[in-house]
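For reference, the structure is listed below as structure tokens.
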């Protein structure tokens, strides 16, 4: 009888602890994001997060009374791995892809971004479809996903390489060591201005894609039932102009 009572108390204690941990985790959310995706989300010289989506994230979780904890900077693929493992709750900003949808949960879209082909003027060509990139050497950001069509193209095109550093990627185009780079329009223009090479790193006219930007959640986050409430909050922030105002302020800051 004594052993049975002891076992019962142990079980109740574990159950209580488990509930307490889950409850506590819903009072706080651990997030991360790209360290070099201006003006969407990036890390400044002090390693602090900045950007449109940081402010949107703060707005959302302040309204929901959930404490925001920002994880230390990590490479993009390591963030995705931690999201898969449940060691990270949310990534502030990701494009949609069917492959990612199998592993993670998406919020409703927050904003829209154009994806462009950037070239040195001496390597200009008429770009209309992805087939126009075949036979040319290209670069794209490491781990970047630009939609189903582009991702399929990238997997079958050995002349398109990934690079981990956006500014180094820009310089490789400026030096004409590659024919083109695929980049988000805003990020590409900002990199070129920072490096004072805007006349040597130019976007071609047509989009590779127009991508919507989402929050990306771990399926192991114990509070996934809050996703409808998060989406409702995002909808209100879009309809009342809050997200648009934040975006406008950052675009003006970078002269876009």
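Filtering the range 59-83 to residues that are under 23 Å from residue 228 (Cα atoms), surrounded by fewer than 15 Cβ atoms within 10 Å (Cβ to Cβ) and either out of contact with any helix residue (DSSP H, G or I) (no Cβ under 9 Å at 6 or more places or on another chain) or not assigned by TED's automatic domain parsing to the domain that holds residue 29 (or both) leaves 62, 65, 69. Residue 125 versus (1) in contact (Cβ under 8 Å) with a residue 60 or more places away in the chain; (2) in the same structural domain as residue 176 (by TED's automatic domain parsing); (3) surrounded by 22 or more Cβ atoms within 10 Å (Cβ to Cβ): which is the lone unmet condition? Just one mismatch for residue 125, condition (3). Scanning the range 105-121 for residues that are surrounded by fewer than 16 Cβ atoms within 10 Å (Cβ to Cβ) and closer than 15 Å to residue 198 by Cβ turns up just one, 121. Looking across the range 24-60, just one residue is in contact (Cβ under 8 Å) with a residue 24 or more places away in the chain, part of a helix (DSSP H, G or I) and over 18 Å from the mean Cα position of the chain (by Cα), and that is 25. Of the residues in the range 147-165, not one is in a loop (DSSP other than H, G, I, E, B) and in contact with a helix residue (DSSP H, G or I) (Cβ under 6 Å, 6 or more places away or on another chain). A search for C-beta distances below 6 Å between a residue of the range 134-151 that is more than 10 Å from residue 97 (Cα to Cα) and any residue that is surrounded by fewer than 18 Cβ atoms within 10 Å (Cβ to Cβ) and at pLDDT below 85, counting only pairs 6+ apart in sequence or on different chains, returns 142/164.
The values are calculated or read from the model by the stated rules, or taken from the named source; none is laboratory data. In this text, all values refer to a predicted model and were calculated from it rather than measured experimentally. All Cβ positions, glycine included, derive from the backbone under ideal geometry; neighbour counts span all protein chains shown.
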